[in-house]
Amino acid sequence: MNRIDGDDARFAHALRVATTAAAAEILLVAIWTFRNAPAEGALYAGALLTLLKCGPLLAVLPGLLRGSARSAVWLCFVLCAYFPFAVLAAMDQPPHRWLGLLEILVIAIAFTAGLLAARWGRRRSEPP
């Protein structure tokens, strides 16, 4: 196995991890939004807020599913906006702190996998 084949395998694995972690982050943001939604009209308000909050991640997700290294780079940029909110959620009251800590962990995994996918994917021949 030459170096390019090894990079392709590592790129595919890192991209799968980044895609899974991005989907998990979307799920965590949705859970957090519905947990804090007002009781009256919670479904509509929660769904709308979730779409607004998850919009950048949802925009990157199709590129990740196609196997684009550029989408992995954009995922890293987008995750930088979610990290401060995860830290604030982790500093919440003790019964709800676990959700913020889990979100920090998912963001760290997605960011690291996105960086590795971008590094290993730049050697691949990708159309501009």
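In the stretch 84-125, what residues are small (Gly, Ala, Ser) and more than 21 Å from ALA23 (Cα to Cα)? Don't jump to the end; show me each part of the working.
Start the filter on the stretch 84-125 by keeping residues that are small (Gly, Ala, Ser), which leaves 86, 89-90, 100, 108, 110, 113-114, 117-118, 121, 125.
SER125 - this is the single residue of the stretch 84-125 that is small (Gly, Ala, Ser) and more than 21 Å from ALA23 (Cα to Cα).
Every residue, every condition in (1) open to solvent by less than 60 Å² (accessible area, probe 1.4 Å); (2) modelled with pLDDT under 85; (3) among the basic types (Lys, Arg); (4) out of contact with any Lys or Arg (no Cβ under 9 Å at 6 or more places or on another chain), yes or no:
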residue: LYS53; (1), (2), (3), (4): no, no, yes, yes
residue: LEU58; (1), (2), (3), (4): no, no, no, yes
residue: LEU65; (1), (2), (3), (4): no, no, no, yes
residue: SER71; (1), (2), (3), (4): yes, no, no, yes
residue: PRO95; (1), (2), (3), (4): no, yes, no, yes
residue: ILE104; (1), (2), (3), (4): yes, no, no, yes
residue: ILE107; (1), (2), (3), (4): yes, no, no, yes
residue: ALA118; (1), (2), (3), (4): yes, no, no, no
residue: GLY121; (1), (2), (3), (4): yes, no, no, no
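Looking at PHE34 and the list (1) within 20 Å of ALA89 (Cα to Cα); (2) open to solvent by less than 20 Å² (accessible area, probe 1.4 Å); (3) modelled with pLDDT under 80, which single condition is not satisfied?
The number of the failed condition is (2).
The values are calculated or read from the model by the stated rules, or taken from the named source; none is laboratory data. Please read these numbers as outputs of a predicted model, since none were measured by experiment. Please note: Cβ atoms are built from the backbone with ideal geometry, for glycine as well, and neighbour counts cover all protein chains shown. In case anyone asks, the SASA skips ligands and DNA or RNA and just uses the protein heavy atoms, side chains included. Shrake-Rupley method; radii C 1.70, N 1.55, O 1.52, S 1.80 Å.
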